[in-house]
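The values are calculated or read from the model by the stated rules, or taken from the named source; none is laboratory data. Nothing here was measured: the structure is a model prediction, and the numbers come from that model. So basically every Cβ, Gly included, is an ideal-geometry build from the backbone, and we count neighbours across all protein chains shown. Keep in mind that these areas ignore ligands, DNA and RNA; they rest on the heavy atoms of the full protein, side chains included. Shrake-Rupley method; radii C 1.70, N 1.55, O 1.52, S 1.80 Å.
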Amino acid sequence: MIMRIPAAKAFAFARVLPVQRNMGAYTTALRMMSVAVPSTKPANPEFSSGPCKKRPGYDVAKLDSRTAGRSHRSKIGKERLALAIDETKRLLGIPEDYLVGIVPASDTGAYEMAMWNVLGQRNVDIFHWESFGKGWYGDAVSHLKLKDVVEVNEYTADYGDIPDLSKANPDHDICFTFNGTTSGVRVPEGCDFISDSRTGLTLCDATSACFAMNMPWEKLDITTYSWQKVLGGEGAHGMLILSPRAVERLESFTPENRPLPKIFRMTKKGKVDTSIFKGATINTPSMLAVEDYIDALQWTDSVGGVPALIQKSLDNLSVMEKFVEKNDWINFLAKDPATRSCTSVCLTLDLDADQIKKFVSLLEKEGVAFDIGGYRDAPPSIRIWCGATVEKADLEALCPWMEWAYDQIKNA
């Protein structure tokens, strides 16, 4: 245990020591000035990037329990599922002629459901710059084996960068991640790399972007996300959003020799199964998770809708930006501020991989930050969720603790 003395006394002690003969004591005295334990902890230490922190004031006991023990096919079950879909569409400003459905297996299930149904009709451009986007490319070439039937173009970049999006061909299908959850790099505002006169479809994984970033729906034909990210909902359920162009593809194209599991099937007799987009889920959902999602949607409405959530995320990001600017031992993994995520904030430290693990463990042991280790495939780093369910005051309280933890690890 390090003994701490008031900074003024440490400074006075350091001044009277003969510098050359007592350099070790001098350094120790200066360290005593810098390692003071912060006096305030975050009120909530949950900064996980998924599942993410619950909304402020959340109380599971206040969820509507009328669907508990009831079938999802009951009248009230269908009503609540339809409400979740309708409120999603209203709050996100999704065009009236787009379809929104609740599907199995979180964002992963929703995105793969889309890939398995629509890809293979034309050439594909796949842009990836982090783990999940790379996974979609792997699915396309290794499992769907698209290179056997169409041209598959891979455009990639290292963690912290983004590929040259101008290479997107408007006559190709385009697969991309709106916000790279594991790298902290998002696409530029407005998605101008997508042509308004495109003939191909865009498939957008927006799991850590929806409700935190402006979504240009006119650019997006198939969009997916999950409840457990920006809204702090529960896992296992995905959201699938289809434009009229996506519906047309589903009804005009059937991939040859491609078996579709039941949970991937979106058409019946050549037509989109519209019941999926009215609350008749493909398999049994958790009605408790549905109520949890509805609660998050109601909270969103109560604080000012999606624009308010976006601003909260930007305000949270600004806390981290000020902290990084003040400290030269920490930096954003995202190199360009224009493509810096306001939700999954990834940071590199002037520490090696083992030291970063100790840094993360120390903050968790102190009860000030849970689950902030970087993603396993990312460079050694930390990842702090700054979505709207996280309070700005908690991030402000966390920053001095990070400074303290860095000092402890670096000078151990």
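Quick notes
- Low-density loop positions, chymotrypsin sites (Phe, Trp or Tyr not before Pro), the range 274-342 - DSSP coil, at most 16 other Cβ in 10 Å: 329
- Long pairs among 89/365; 145/268; 147/357, criterion Cα-Cα beyond 32 Å: 89/365; 147/357
- Estimated 222 nm signal from helices in the chain, with DSSP H stretches of n ≥ 4 weighted -39500 (n - 2.57), rounded to 500: -11000 deg cm²/dmol
- Long hydrophobic helices in the chain, taken as whole DSSP H segments with a C-alpha length of 24 Å or more on their own axis and mean Kyte-Doolittle hydropathy at least 0.5, are absent.
- In this rough spin-label picture, where each label sits 7 Å from Cα along the Cβ direction, the residue 245-residue 354 distance is 5.2 nm.
- Label zone at residue 150, where the point sits 7 Å out along the Cα-to-Cβ direction: the range 170-194 residues whose backbone N lies under 11 Å: 171-175
- Pair residue 267, residue 36: separation of 7 Å Cα→Cβ label points (nm): 6.8 nm
- Diffusion constant of the range 42-128 at 25 °C, which comes from Stokes-Einstein with the Kirkwood Cα-pair radius and 0.890 mPa s, µm²/s: 145 µm²/s
- Only Lys, Arg, Asp and Glu carry charge here, each on its Cβ (+1 for the first two, -1 for the last two); on that basis the chain has a dipole of about 1100 debye about its Cα centre.
- The fraction of accessible area contributed by carbon and sulfur in the range 229-293 is 53 percent, rounded to a whole number (1.4 Å probe; ligands and nucleic acids excluded).
- Distance cut-off 18 Å, percentage of C-alpha pairs in the range 251-308 lying past it: 55 percent
- Taking 0.36 nm per residue of separation and subtracting the current Cα-Cα distance, fully stretching the chain between residue 329 and residue 302 would add 5.8 nm.
- Tensor-based shape of the range 50-90 (alpha-carbon gyration tensor, a/c under 1.5 rounded, otherwise prolate or oblate): oblate
- Loop-exposed GluC sites (Glu not before Pro) per DSSP, neighbour cap 10 Cβ within 10 angstrom, longest uninterrupted part of the chain: 97-255
- Counting only protein heavy atoms and a 1.4 Å probe, the range 333-412 has 40 square angstrom of accessible area per residue.
- Potential lengthening between residue 199 and residue 90 on full extension [0.36 nm per residue; Cα-Cα distance subtracted]: 36.5 nm
- Here the average projected area of the convex hull drawn through the C-alpha atoms of the chain stands at 22.9 nm².
- Our estimate of slack between residue 61 and residue 121, defined as 0.36 nm per intervening residue step minus the Cα-Cα distance, is 16.8 nm.
- Qualifying trypsin sites (Lys or Arg not before Pro) in the range 321-412, where qualification requires a DSSP coil assignment and no more than 11 other C-beta atoms within 10 Å, comprise 376.
- Cleavage-rule hits (chymotrypsin sites (Phe, Trp or Tyr not before Pro)) in the range 183-267: DSSP loop, at most 15 neighbouring Cβ within 10 angstrom: 253
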